[in-house]
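Participant: One structure coming up, written as structure tokens, with questions to follow.
Each reported figure results from applying straightforward, stated rules to the coordinates on display, with no laboratory input. Quantities reported herein were computed from a predicted structural model and do not represent experimental measurements. For neighbour counting, all protein chains shown are included, and Cβ atoms are generated from backbone atoms with ideal geometry for every residue, glycine included.
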Amino acid sequence: MNNKPGTRNQPGKTSTARIIIYLVALLCSISFIVTAMGAINKNSSYLKSLKPYEMEQLDVSERAINTRGLPTIFVSIAAYRDPQCMYTLLWALKQAKYPERVFFGIVQQNHPDMDVDCLSVSLEGGQSAKEAELLIKYRKQIRMLRVSYLDARGPAWARYKVIHELFKKEDYVLQVDSHTRFVPNWDEAILNNIKQLPEKSAISHYPSVFDPRENSNGLPNDYEKVIARMCKGFYNGDGILQPVAGLMGLDKKESKSCPFLGAGFTFYPGIVHDEIQMDPFLPYLFHGEELLFSMRLVSKGYKFYSPAENIVFHFYYRKDFPKYWDLSSIYPDYSQLQRYSLQRTKYIIGMLDHNQVENATWTLQEIDKYGIDWKDEEVKKRMDRYFEVFEIDLKNQKMGDFCGKGLPDW
């Protein structure tokens with residue numbers, strides 16, 4: 001052996017050196033773990049403590065994640081003082097098969113002191129650490145516009161703000177309400193569904209009911225057995241045709257044609273907004289929003305289908321929750337502006353002539369941009385076909401009932 005003299009004869013010094021090295025390595029490892037765990041907790045606490053305008057700095061103006069050319073979905077949410085908004089966001093993320101391809105646009109209209117922010121979940125909150133970390137992980141895909149509830153102008157206005165300010169040309173748009181639950185792998189299911197339909201198609205229905213007070217930890221037990229499909233309509237006191245849905249069996253998973261787009265669930269290609277801009281001149285419009293958007297898309301050649309299976313569920317019975325129409329007691333111009341919006345809607349869909357519109361200068365502003373070109377022969381042909389198939393007569397307040405006999409093909 002060629003060892004230096006004394007090398008093997010000093011075990012004490014060698015062992016001590018090795019022990020010191022091991023201890024330093026162990027301390028470094030422990031420090032790294034503590035720092036990492038602290039970062040998770042710090043991020044979660046920070047998220048909860050962010051003020052609204054500080055949170056805006058986290059939002060992005062373009063896609064934040066490389067989706068490798070795979071289809072992206074933009075989830076449009078208009079939220080008015082809704083404590084369910086955070087859960088809607090969490091369910092959409094945790095139930096998606098590919099959450100990295102799901103982006104959100106939320107217009108939140110809250111009371112600054114009384115309402116829960118859509119991004120309020122943290123490790124200190126009532127949600128699990130896993131869900132809080134999910135929100136932190138994908139927060140760059142969440143674009144938010146926060147406005148005071150006192151500045152709210154109804155759902156049609158809020159949805160205009162979502163598309164106009166937060167939509168970044170994702171491949172598809174999913175419009176839902178801020179009190180929604182999602183089935184597992186909902187994103188894959190709806191993408192597969194629309195691929196089976198004609199190119200200019202939109203998928204919509206009135207989702208079946210979900211009550212978080214009864215189903216806080218799951219979905220309705222029968223969600224794979226029945227589905228609600230829009231199959232008739234009725235005319236309300238303002239003469240506006242409103243959709244009506246009927247429950248139908250899900251023996252076979254296939255889409256059926258439908259006459260309307262429902263505000264609580266509509267899925268369509270993002271290129272729709274290359275052809276149709278959301279209308280900013282519809283303050284306080286509620287009933288009429290669905291029919292108007294439906295007919296504008298029909299005029300561009302789109303057809304509508306109910307989903308082949310349940311994708312989401314909706315919390316309908318919200319009696320004790322704030323509604324935007326509570327503002328009617330605050331603003332003296334509420335009723336007047338809502339009346340103008342209804343008249344604008346009726347004019348666009350052909351129910352009123354110009355001389356029947358009140359304050360036409362305001363009510364019909366930029367109508368060429370947001371209206372329907374009834375003088376175009378192709379547009380008129382599409383609209384006539386739509387009315388014929390679904391037996392719709394707006395002026396005489398008629399529509400066919402297809403709930404029992406099945407929905408006709410376009």
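Participant: Need one word for region 219-290: rounded, prolate or oblate. Basis is the Cα gyration tensor (sqrt eigenvalues a ≥ b ≥ c); a/c below 1.5 gives rounded, then a/b vs b/c decides.
Facilitator: The shape class here is oblate.
Participant: Another one. Mind listing the phi-derived Karplus ³J(HN,Hα) values for region 69-78, rounded to whole Hz, using 6.51, -1.76 and 1.60 with θ = phi - 60°, and x for any glycine or proline?
Facilitator: Values per residue, Gly and Pro as x: x, 7, x, 10, 10, 9, 9, 8, 9, 9 Hz.
Participant: Using 1/(1 + (r/R0)^6) with R0 = 45 angstrom and r between the beta carbons of SER328 and LYS195, what's the FRET efficiency to the nearest 0.05?
Facilitator: Rounded to the nearest 0.05, the efficiency is 0.55.
Participant: Here's another thing I want to ask about it. How high is the relative contact order of region 52-314? Use alpha-carbon pairs under 8 Å, at least six apart in sequence, and give a whole percent.
Facilitator: Computed value for region 52-314: 24 percent relative contact order.
Participant: Taking neighbour counts of Cβ atoms within 10 Å as a proxy for exposure, in what order, fewest first, do GLU378, GLU290 appear?
Facilitator: Exposure proxy ranking, most exposed first: GLU378, GLU290.
Participant: Please label the shape of region 194-326 as rounded, prolate or oblate, based on the square roots a ≥ b ≥ c of the eigenvalues of the alpha-carbon gyration tensor (a/c under 1.5 means rounded; beyond that, a/b larger than b/c means prolate, else oblate).
Facilitator: It comes out oblate by the Cα gyration axes.
Participant: What list of ³J(HN,Hα) couplings, whole Hz, do you get for region 149-155 from phi and the Karplus terms 6.51, -1.76, 1.60, once you set θ to phi - 60° and write x for glycine and proline?
Facilitator: With the stated coefficients, region 149-155 comes to 4, 5, 9, 5, 10, x, x Hz.
Participant: Moving on to the next point. In whole angstrom, how far apart do the alpha carbon centroids of region 274-317 and region 367-400 sit?
Facilitator: What the calculation gives is 15 Å, centre to centre.
Participant: Let me know the charge dipole size of region 311-410 about its Cα centre in debye, to the nearest 20, where only the beta-carbon of Lys, Arg (+1) and Asp, Glu (-1) is charged. Numbers along the way, then the final one.
Facilitator: Working: 15 positive and 17 negative charges, 60 e Å.
Roughly 300 debye, rounded to the nearest 20.
Participant: Would you mind checking which residues have amide H under 5 Å from LEU145's amide H? H placed 1.01 Å from N; only 5 or more apart, or other chain.
Facilitator: Amide H neighbours of LEU145: ILE106, VAL107, GLN108.
Participant: Past the 28 Å Cα-Cα mark, which pairs from LYS161/LYS200; LYS94/LYS169; LYS161/LYS225; LYS140/LYS169; LYS346/LYS381?
Facilitator: Violating the 28 Å limit, Cα to Cα: LYS161/LYS225.
Participant: Need one word for region 312-369: rounded, prolate or oblate. Basis is the Cα gyration tensor (sqrt eigenvalues a ≥ b ≥ c); a/c below 1.5 gives rounded, then a/b vs b/c decides.
Facilitator: On the way: a/c = 3.18, a/b = 1.71, b/c = 1.86.
Oblate shape, in that a/c is at least 1.5 and b/c is the bigger or equal ratio.
Participant: Starting from 0.36 nm per residue, how many nanometres of slack lie between TYR316 and VAL116 once their C-alpha separation is accounted for? Please list the in-between numbers first.
Facilitator: Working: separation 200, 0.36 × 200 = 72.00 nm, distance 1.94 nm.
Using 0.36 nm per residue and subtracting the Cα-Cα distance, I get 70.1 nm.
Participant: Once phi is turned into ³J(HN,Hα) by the Karplus curve 6.51 cos²θ - 1.76 cosθ + 1.60 with θ = phi - 60°, what whole-Hz value does each residue of region 380-390 show in order, with x for glycine and proline?
Facilitator: Residue by residue, region 380-390 yields 4, 4, 5, 5, 4, 5, 4, 5, 5, 4, 9 Hz.
Participant: Mind checking which aspartates and glutamates have their C-alpha under 14 Å from LYS319, skipping anything on the same chain fewer than 8 residues away?
Facilitator: Hits, sequence-local ones excluded: ASP82, ASP211.
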